[in-house]
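Colleague: Okay, handing you the structure first.
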Amino acid sequence: MRPVSEMKFLVFVLFFVSYSLQDLPKEAANTADFLLFMDKLFDSLNGSTRKPQKGKTLRCAVTSSSPHVPFWKEAIRVLVCWNLSANQV
């Protein structure tokens, strides 16, 4: 793992642990959920190896037995619910 990837993973772990322990306020928990979703989404589209890296089950090639398609089906349901506007701050 590259140093930048390790730092991102560490930040994710810290968010996850804090969220799991319910130390985060609800607004921060929502942010943690969003970051985890986006991390998984980018991993699912950015795989460059045959086998997933430790802790990154979606960061690999798509195969008939990989978890990509079920994740994408769920991700589509999430994404279509988003209402993004450039006018909102």
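Coordinate-derived values only; no laboratory data. Owing to the predicted nature of the structure, the values given are computational and were not obtained by experimental measurement. Counting neighbours? That spans all protein chains shown, and the Cβs are built from the backbone with ideal geometry, glycine included.
Colleague: Describe numerically, in nm with one decimal, the distance between label points set 7 Å from Cα along Cα→Cβ at L36 and at S65.
Modeller: It works out to 2.7 nm between the two label points.
Colleague: Based on the Cβ-Cβ distance from V80 to K26, what FRET efficiency comes out when R0 is 25 Å, to the nearest 0.05?
Modeller: 0.55
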